[in-house]
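Participant: The following block contains the structure, expressed as structure tokens.
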Amino acid sequence: MKKVSKISKRKEEHLEICLEKDIESSISAGFERIDIIHQALPDIDFTKIDISTSFLGKYLNAPLLISSMTGGSPKGEKLNAILAEMAEHHQIGMGLGSQRAAIEDESLSATFKIRKYAPNIFLFANLGAVQLNYGYGPNEIQRAIDMIEADALFLHLNPLQEALQPEGNTNFSSLLPKIEALCKQIETPVFIKEVGCGINANLAKTLIDAGVAGIDCAGLGGTSWALVEAERQTDEDLKDFAKSFGNWGIPTVDCLLDYRKNKIECPIIASGGLRSGLDVFKSLALGANLAGMALPFIKAANAGSDALHQLIERIMLELNISMFNSACQNLSDISFSKIVVKE
Ligand SMILES: Cc1cc2nc3c(=O)[nH]c(=O)nc-3n(C[C@H](O)[C@H](O)[C@H](O)COP(=O)(O)O)c2cc1C
């Protein structure tokens, strides 16, 4: 079997597992530790609440991101079309899944080409940072960006997944100077994200000093790639082994609190276990600029456009009601003073 078709097959397997199995960590992202302070007299007209924002100069109807997920396989192509159409309809941001399959086999690039459905959205390209140790350089990265006319690039860090994946790329040594060089070599802003284990403030600071434009913490509390990889194992011992890492990582709320404490100043995206508009509000109050969700959106997209539309509307309504009941007319009114962090 060709290496490329192996990647495409793996992507399809990941997708099926995420859609069908219970692959969320049993440790929470931490949002139950945050209370939004209620204001019984908000002095606001509910109908005038404004949840629009701009991200790196581009307008968004809401501070929402469909996190990086798919592409590179037939089912991924179909779901990308549904996700992209709804992202365009609601004018929210979107990330595509790792484009490595299409870098290695140009014929798969069609599975990522969603600009025909979503010409105006803020769109992130995506590749694994570790590929910089496996022959990728500015040319491959630029191809991924150009393939989808991306506004920004996500390089993902996924050492746990690579270590648990039978075919994983585990040489993570000396990546930082390569990321630093890349940030100088390409014009598109480079963001770093995890995939569900979180990025601590020290690393966030190091990455920003290296020239990275922003951070998506992608913390613990939602999709666990250890649990996804466990489902791919046929051997029971190997399955149990992978499962034992199912709660590995830094919960999303702890990542955001850590950034606040250490004064991390850059565009921050909160993701990992966000499941409602209340979680979006709490993330913004903790300092995030955008809130990303992956698993809820892919499950809804798999159920069809209507289901995805309803989910996005529900999240926006929950955000509006949270803002109304905490006396926030605009997103700029949401601040740390609007919440209580319980010990
Ligand atoms: C089906 C699926 C595929 C994913 N593929 C990628 C990927 O290719 N690149 C990436 O950076 N993250 C990928 N992720 C991780 C998400 O972008 C996100 O960081 C993580 O799932 C946590 O968010 P959640 O708890 O809302 O799912 C994927 C997640 C899912 C559910």
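Derivation of every value follows stated rules applied to the coordinates shown; laboratory data play no part. Please read all numbers here as calculations on a predicted model, not as lab measurements. Don't worry about glycine lacking a Cβ; one is built from the backbone with ideal geometry, like all the others, and counts go over all protein chains shown.
Participant: Restricting attention to segment 308-343, which trypsin sites (Lys or Arg not before Pro) occupy a DSSP loop and are surrounded by at most 10 other Cβ atoms within 10 Å?
Facilitator: Details: sites: Arg314, Lys338, Lys342; in loops: Lys342.
Those that pass, being in a loop and sparsely packed, are Lys342.
Participant: In addition: Please list 3J(HN,Hα) in residue order for segment 31-45, calculated via the Karplus relation 6.51 cos²θ - 1.76 cosθ + 1.60 where θ = phi - 60°; whole Hz, with x for glycine and proline.
Facilitator: Using θ = phi - 60°, the values come out as 5, 5, 7, 10, 10, 8, 6, 6, 10, 6, 10, x, 6, 9, 8 Hz.
Participant: Let me ask something else about it. Would you please give the residues with an amide H less than 5 Å from that of Leu220, counting only those at least 5 places away or on a separate chain, with H modeled from the backbone geometry?
Facilitator: Amide H neighbours of Leu220, under 5 Å, 5+ apart: Gly198, Ile250, Thr252.
Participant: Run the simple label-point estimate for Thr206 and Lys6 please: 7 Å along Cα→C-beta, distance reported in nm.
Facilitator: My value for the distance between the label points is 3.0 nm.
Participant: Anyone know which of Lys11, Lys21, Lys205 comes out most mobile in the 10 Å Cα GNM of the chain?
Facilitator: Lys21
Participant: Another question, if that's okay. Within the set Lys116/Lys243; Lys193/Lys282; Lys193/Lys342; Lys263/Lys299; Lys184/Lys282; Lys9/Lys58, which residue pairs have Cα atoms separated by over 29 Å? Please list the in-between numbers first.
Facilitator: On the way: Lys116/Lys243 40 Å; Lys193/Lys282 20 Å; Lys193/Lys342 27 Å; Lys263/Lys299 35 Å; Lys184/Lys282 34 Å; Lys9/Lys58 35 Å.
Pairs exceeding 29 Å: Lys116/Lys243; Lys263/Lys299; Lys184/Lys282; Lys9/Lys58.
Participant: Is any residue of segment 121-165 close enough, with backbone N under 20 Å, to a label point placed 7 angstrom from the Cα of Thr234 along the Cα-Cβ axis, and if so, which?
Facilitator: What the label zone holds, given the 20 Å backbone N cut-off, is 164-165.
Participant: Still on this structure, I have one more. Specify whether the C-alpha gyration tensor of segment 3-341 places it in the rounded, prolate or oblate class, a ≥ b ≥ c being the square roots of the eigenvalues: rounded for a/c under 1.5, otherwise prolate if a/b is larger than b/c and oblate if not. Show your work: numbers first, answer last.
Facilitator: On the way: a/c = 1.44, a/b = 1.41, b/c = 1.03.
In terms of gyration-tensor shape, rounded.
Participant: Another question, then. I need the shape label for segment 53-115. Rule: rounded when a/c is under 1.5, else prolate if a/b > b/c, else oblate, with a, b, c from the alpha carbon gyration tensor. The partial results should precede the final answer.
Facilitator: Values: a/c = 2.80, a/b = 2.00, b/c = 1.40.
Prolate is the answer for segment 53-115, as a/c is 1.5 or above and a/b outweighs b/c.
Participant: If I take every Cα pair under 8 Å that is 6 or more residues apart in segment 68-111, average their sequence separation and divide by the length, what percent do I get for the relative contact order?
Facilitator: Working: 46 pairs, mean separation 23.3, N = 44.
After rounding, I find 53 percent.
Participant: Between Ser305 and Arg275, 0.36 nm times their residue separation minus their Cα-Cα distance comes to what? Write out the running numbers ahead of the final one.
Facilitator: Numbers: separation 30, 0.36 × 30 = 10.80 nm, distance 1.86 nm.
Between Ser305 and Arg275, full extension yields 8.9 nm more.
Participant: Along each principal axis of its Cα atoms, how long is segment 140-243 end to end? Whole angstroms, biggest number first, please.
Facilitator: Principal extents (largest minus smallest coordinate, Cα): 47, 32, 26 Å.
Participant: In addition: Rounded to the nearest whole Å³, what is the per residue volume of the convex hull around the Cα atoms of segment 232-343?
Facilitator: Numbers: hull volume 15.9 nm³, N = 112.
That works out to 142 Å³ per residue.
Participant: Is there a quick way to get the dipole size of the chain? I mean about its Cα centre, with the Cβ of Lys and Arg at +1 and of Asp and Glu at -1; what is the value in debye to the nearest 20? Show your work: numbers first, answer last.
Facilitator: Numbers: 33 positive and 43 negative charges, 83 e Å.
Computed charge dipole of the chain: roughly 400 debye.
Participant: Put +1 on the Cβ of every Lys and Arg and -1 on every Asp and Glu Cβ in the chain; which of Leu317, Ile27, Val212 then has its Cα farthest towards the positive end of the dipole?
Facilitator: Ranked along the dipole, the leading option is Val212.
Participant: If you take the beta carbon distance between Glu106 and Glu16 as r and set R0 to 25 Å, what does 1/(1 + (r/R0)^6) give as a FRET efficiency, to the nearest 0.05? Please report the intermediate quantities before stating the final value.
Facilitator: On the way: r = 25 Å, r/R0 = 1.00.
About 0.50, to the nearest 0.05.
Participant: Another question about this same structure. Between Lys282, Lys48, Lys299, which gets the highest mean-square fluctuation from a Gaussian network model of the chain, Cα cutoff 10 Å?
Facilitator: Lys48
Participant: For the charge dipole of the chain, defined by +1 on Lys and Arg C-beta atoms and -1 on Asp and Glu C-beta atoms about the Cα centroid, which residue among Val280, Gly71, Ala242 has the Cα displaced farthest towards the positive pole?
Facilitator: It is Gly71, whose Cα lies furthest towards the positive end.
Participant: For the chain, give the share of DSSP beta bridges that are antiparallel, in percent and rounded to the nearest 5; count only bridges with both residues there. Walk me through the numbers before you get to the answer.
Facilitator: Working: 7 of 32 bridges.
The antiparallel fraction comes to roughly 20 percent.
Participant: Let me ask another. Using Cα centres only, tell me the gap between segment 280-331 and segment 61-119 in whole Å.
Facilitator: 19
Participant: Over segment 3-341, what is the relative contact order in percent, taking alpha-carbon pairs closer than 8 angstrom and at least six residues apart?
Facilitator: Values: 692 pairs, mean separation 78.0, N = 339.
That works out to 23 percent.
Participant: Still on this structure, please answer the following. Label-point separation (nm) for Ser52 and Asn262, each offset 7 Å from Cα along Cα-to-Cβ?
Facilitator: It works out to 3.6 nm between the two label points.
Participant: What is the distance in Å between the Cα centres of segment 180-256 and segment 11-49?
Facilitator: 19
Participant: Right, another one. Considering every pair of different Cα atoms, what Kirkwood radius, in Å, is found for segment 187-245? Intermediate values should be presented prior to the final figure.
Facilitator: Working: mean 1/r = 0.0763 Å⁻¹.
The answer is 13.1 Å.
Participant: Along the Cα→Cβ direction, 7 angstrom out, place labels at Phe172 and Asn330. What is the inter-label distance in nm?
Facilitator: About 4.0 nm, to one decimal.
Participant: So, one more: P(r) of segment 6-78 in 5 Å steps, Cα pairs, percent per bin?
Facilitator: 3, 10, 11, 12, 14, 15, 15, 9, 6, 4, 2, 0
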